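Have a look at the structure below, then the notes.
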Amino acid sequence: MSKNYFILLCIVLLSCKRNDIIEVSSANASFIDFSLFSNPKLKIDTLLINNHDNADLKTFYAKYNNEIVWDNFENRTFILNEIAAAENEGLEPEDYNAKQLKAWQSNYNELADSLVIKFDLQLTLSIQLYIKHLCNGKVNPKALYKDWDLKEKTTDVNTLLFDCIDHTDFKQTIENCKPNHTIYKKLKTALHLIEQFPDDTKIGLIDLKERILPNKKNKYIPTIKKRLMYWNEMKVKDTILSTLYDKNTQEAVKIFQTRHGLKPDAVIGRGTIDALNHYKRHRKEQIIANMERWRWFARDFGNHYLLINIPDYSIVAVKNNDTMQSQRIVVGKDTRKTPILESKISNINLNPNWTVPPTILREDIYPEAEKDRSVFRKKGLVILNNKNQEVSPYSWKKSDAYKYRYVQNPGRNNALGVMKINFPNKYSVYLHDTNHRDYFGFSNRSLSSGCVRLEKPLEMAVHIINDTTKWSLKRVADTTDIKYYYKLQKEKELAIAKKNAKLLAKNANLVIEKKVFPKPELKTIVIKVIDDVYVHQLYWTAWENQGILQFREDIYCLDAELYAKLRY
């Protein structure tokens, strides 16, 4: 006897009263609960769920009474299509068992109950993992780096999935899991663009140590031309075998240099050669690594923020989605990397003094001082004991070095220059001016000891303070210029001299005591930042701009290692 027939028989029997059979007509048919005829969902043995030792999986199925969930064809299809397209997000479909799931899906109606359950569990595990990777990244940056201080992300995947299932709106929910930043979207475009390029492994590499100057001959010029043509920087082909570095090739090299953040001077030096020697697969891996980083970064940068791209040596100030300023910067050298962090600006110091940090003391100052005590005076450093008393450099001993503070007084030659922007962080880094202003003319500006140096520090200070009534650019400039204080003192002296001249004109015998002014000096001024202005020191080496691929030197050599972790 079939299951449905048995249920129908029960209904008929229950409808009888005192051996009178009630005729089931169209009038009373609405009183029958036809839900009794539907097939119940498959139950999943809790042992199968618990075997996965996955708290999210247990919570998910508990919500649905430990029954299969993915019996809806449209829901399954959307998830499988999304996982199959994971490459568009720089992820691997096989991390989510795409092939096996697709095979089960194609044969779903013929699957045994045990395989339907297995499929359901695996589909849940796969979409949960995929959502986590989209929201948080596949790799934990804190497990990779000591100098990355980003807020750790947590994602309640089940809440997202429950919402999807309840409202049958998977598309928008999954899309919201992906980073919404413009740069991430440009990286997706870059990944699509790089895929359009053919294989380039047959084009040779440039094994060159010396520079190639314009209008000179070199045996590698034909190879360079092939590479420029491959990347669409050069169109002309009729002179490809010529070894002369001609005008057309020079113009193509300039375009290539600009696209890679190099000085467009047409000189083929080390940086240009290194950039030319990247194969397509290297650039694709670089793009994928950068997509992962953008999954680590905060989704909301705030309404007003400074965004620093360390490999691009650049900073932009953004307010209400408008770019207010853009500047060149100097960042930490490879041995003293600028840390990746997110913080909020607390105050700005005009005319800061500089207390030399322990690393610089240990690695730079102490070794020099042991050879020559005059190094302290040469660097403008004052040695102070624990009572804030000055100590003579010539009585300094390495054995007592840790007892002292080493301070550089305010001034244009101070290592921090005339302005410093402070924000809380565990690395004791900040943004500041510099006494090496010539550095901003270099293409490679990985030159500092970890802090970020600004090309236009006073303009940035005025932007952050946001009070031109009290702190106009002129006032900030005057406050940080010792010449301004000498000028004020001179004006006071002239005013007093005029006043004294009038008094003496009335009484030639009058004795007037000469007023002696102290020598002008710069005083440190701390300005509290009232607005919420955030700092994001980040690292990305690839993107797309108006359909053109952009790459920067991986100055801290992070891309290849990260890509390897993603594909491990």
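A few remarks follow.
- Pairs, first under 24 Å from Ile194 (Cα atoms) in segment 264-279, second open to solvent by 30 Å² or more (accessible area, probe 1.4 Å) and not in a loop (DSSP other than H, G, I, E, B), C-beta under 7 Å, six or more apart: Pro264/Lys254; Pro264/Thr258
- Residues of segment 170-183 satisfying the condition of being among the basic types (Lys, Arg) and surrounded by 12 or more Cβ atoms within 10 Å (Cβ to Cβ): Lys178
- The residues in segment 515-545 that are over 24 Å from Lys319 (Cβ atoms) and either of a type in the set (Phe, Trp, Tyr) or in a loop (DSSP other than H, G, I, E, B) (or both) can be counted, and the count is 11.
- Among the candidates Ile525, Ile464, Ile482, the residue that is within 15 Å of Ile348 (Cβ to Cβ), touching an Asp or Glu at 6+ places or on another chain (Cβ under 9 Å) and β-branched (Val, Ile, Thr) is uniquely Ile464.
- Some residue of segment 483-496 being assigned to a loop (DSSP other than H, G, I, E, B) and not aromatic (Phe, Trp, Tyr): no
- Among (1) within 15 Å of Pro311 (Cβ to Cβ); (2) assigned to a loop (DSSP other than H, G, I, E, B); (3) open to solvent by less than 20 Å² (accessible area, probe 1.4 Å), the one test that Ala275 misses: (2)
- Cβ-Cβ under 8 Å pairs, at least 6 apart or on other chains, segment 497-524 side under 24 Å from Gln408 (Cα atoms), far side modelled with pLDDT under 90 and surrounded by 10 or more Cβ atoms within 10 Å (Cβ to Cβ): Leu522/Gly411
- Exactly one residue out of Glu491, Glu513 is under 25 Å from Asn351 (Cα atoms) and of a type in the set (Asp, Glu), and it is Glu491.
- The residue that is surrounded by the most Cβ atoms within 10 Å (Cβ to Cβ), counting only those in segment 184-208 that are among the β-branched types (Val, Ile, Thr) and either without any contact (Cβ under 8 Å) to a residue 12 or more places away in the chain or not in a loop (DSSP other than H, G, I, E, B) (or both), is Ile194.
- Extreme residue, nearest to Leu276 (Cα to Cα), among residues of segment 212-242 that are surrounded by 14 or more Cβ atoms within 10 Å (Cβ to Cβ) and basic (Lys, Arg): Arg227
- Inspection of segment 64-79 identifies at least one residue that is more than 30 Å from the chain's Cα centre (by Cα), open to solvent by less than 30 Å² (accessible area, probe 1.4 Å) and more than 15 Å from Phe170 (Cα to Cα).
- Qualifying position, being in a helix (DSSP H, G or I), β-branched (Val, Ile, Thr) and open to solvent by 70 Å² or more (accessible area, probe 1.4 Å), among Thr335, Thr359: Thr335
- Restricting segment 110-128 to residues that are in contact with a Phe, Trp or Tyr (Cβ under 7 Å, 6 or more places away or on another chain) and in contact (Cβ under 8 Å) with a residue 60 or more places away in the chain, the residue that is surrounded by the fewest Cβ atoms within 10 Å (Cβ to Cβ): Asp120
- Residue count for segment 544-568, restricted to those that are within 25 Å of Ser448 (Cα to Cα) and either of a type in the set (Gly, Ala, Ser) or in contact with a Lys or Arg (Cβ under 7 Å, 6 or more places away or on another chain) (or both): 4
- Taking segment 48-63 as the range and being assigned to a loop (DSSP other than H, G, I, E, B) and open to solvent by less than 70 Å² (accessible area, probe 1.4 Å) as the test, only Asn54 passes.
- Test: Leu473 is over 23 Å from Ile555 (Cβ atoms), open to solvent by 60 Å² or more (accessible area, probe 1.4 Å) and over 35 Å from the mean Cα position of the chain (by Cα): no
- Top-ranked residue in segment 129-162 [being open to solvent by less than 70 Å² (accessible area, probe 1.4 Å) and over 25 Å from the mean Cα position of the chain (by Cα); ranked as farthest from Glu92 (Cα to Cα)]: Phe162
- Matching residues in segment 243-272 - criterion: being of a type outside the set (Lys, Arg), open to solvent by 30 Å² or more (accessible area, probe 1.4 Å), in a helix (DSSP H, G or I) and under 21 Å from Asp554 (Cα atoms): Ile255, Thr258, Gly271
- Here Asn349 meets the list (1) modelled with pLDDT under 95; (2) open to solvent by less than 50 Å² (accessible area, probe 1.4 Å) almost entirely, failing just condition (1).
The values are calculated or read from the model by the stated rules, or taken from the named source; none is laboratory data. Keep in mind that what you see is a predicted model, and the values were worked out from it rather than measured. For neighbour counting, all protein chains shown are included, and Cβ atoms are generated from backbone atoms with ideal geometry for every residue, glycine included. What goes into the accessible areas is simple: the full protein's heavy atoms, side chains included, and nothing from ligands, DNA or RNA. Shrake-Rupley method; radii C 1.70, N 1.55, O 1.52, S 1.80 Å.
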